[in-house]
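I have placed the structure first, in the form of structure tokens, so that the comments after it can refer back to it.
The values are calculated or read from the model by the stated rules, or taken from the named source; none is laboratory data. On a predicted model such as this, the values are computed, not experimentally measured, just so you know. Here the Cβ positions follow ideal geometry from the backbone for every residue, glycine too, while neighbour counts run over all protein chains shown. Keep in mind that these areas ignore ligands, DNA and RNA; they rest on the heavy atoms of the full protein, side chains included. Shrake-Rupley method; radii C 1.70, N 1.55, O 1.52, S 1.80 Å.
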Amino acid sequence: MSDKGELDLTGAKQNTGMWLVKVPKYLSQQWNKASGRGEVGKLRISKNQGRTEVSFTLHEDLANIEDIGGKPTSVSAPREHPFHLQTVGGQTLTVFTESSTEKLSLEGIVVQRAECRPAASENYMKLKRLQIEESSKPVSWTKQLDRAVTTNYKPVANHHYNIEYEKKKKEDGKRARAEKQQVLDMLFSAFEKHQYYNIKDLVDITKQPVIYLKEILREIGIYNVKGTHKNTWELKPEYRHYQGEDKSD
């Protein structure tokens, strides 16, 4: 956003309410494939026993995912996406746009936050498996040579890039943080196999710092402080379809 230029406050004067919605990465990528001002899907808002229910249905022409991580594939994206509505939480959030002439416009104030989540389906589970497989592939591998290497090579005690990596690990902590979505994928994959995990096992699975891992777990999980499964984590009810269970009301 530029520090220069005019600021149009029409949106604030009109008290325009805006929704701030988080969508899955694959969904935004499919939207970008829409031609011109074509339809990307349909949004439905309804009332059920006094509660507002919102869902998005992806257009069937955008359902085919042709590649994952640059690798050609053929898998269908989930079409149904119910919204998980959230409060703004006392924050004041605004939406700005910037024109080609660096003119800023305040379009409105965020009055509702939401998360667009895929409904449990075979297509979504297949997509997640492909994404997890792609993200878990090693960045390097070994290869057996047919003949000896004749290039002059002088052994060193430690390579420069190893020293830099060790330095970065000390600065960032013993474990380097992965992208949040990658950690979520690993957690959901683990909870497909078992319902309960202690934090030590989850650290071993994700290779993430404990504090960072707990921050993510608090968003999707419940920590049991008593009972048979004391001191273990399990998924919140709205996420338990990842284990093949039906979501209960």
Expressed in square angstrom to the nearest 10, the accessible area of Glu219 with a 1.4 Å probe stands at 90 Å²
Amide H of His59 versus every other amide H placed in the peptide plane: which residues, excluding those fewer than 5 positions away on the same chain, fall under 5 Å? Gly41, Lys42
Show me, for region 46-63, the HN-Hα J-couplings you get by feeding each phi into the Karplus relation (A = 6.51, B = -1.76, C = 1.60, θ = phi - 60°), rounded to Hz, glycine and proline as x. 9, 10, 9, 6, x, 9, 7, 10, 10, 8, 10, 10, 5, 4, 4, 5, 10, 7
Leaving out ligands and nucleic acids, and using a 1.4 Å probe, what accessible area per residue does region 16-112 come to in Å²? 67 Å²
From highest to lowest solvent-accessible area (probe 1.4 Å; ligands, DNA and RNA excluded), Lys236, Lys25 read Lys25, Lys236
Once amide H atoms are built 1.01 Å from N in the peptide plane, which residues 5 or more positions from Ala178, or in another chain, come under 5 Å H to H? none
Above 17 angstrom, tally the Cα pairs of region 30-111 and express them as a % of all pairs, no decimals. 69 percent
Report, by chain and number, residues whose modeled amide H sits under 5 Å from the one on Ala77, excluding near sequence neighbours (fewer than 5 apart, same chain). Asn64, Ile65
Computed ³J(HN,Hα) along region 72-78: with the Karplus parameters 6.51/-1.76/1.60, θ = phi - 60°, integer Hz and x for glycine or proline, the list is x, 8, 9, 9, 8, 6, x
FRET efficiency for Arg129 and Thr57 from the Cβ-Cβ distance with R0 = 25 Å, rounded to 0.05, comes out at 0.60
Spacing of the two label points (7 Å from each Cα toward its C-beta) at Glu166 and Glu219, in nm: 3.4 nm
Chain lengthening between Lys47 and Glu122 when straightened (0.36 nm per residue, less Cα-Cα): 24.2 nm
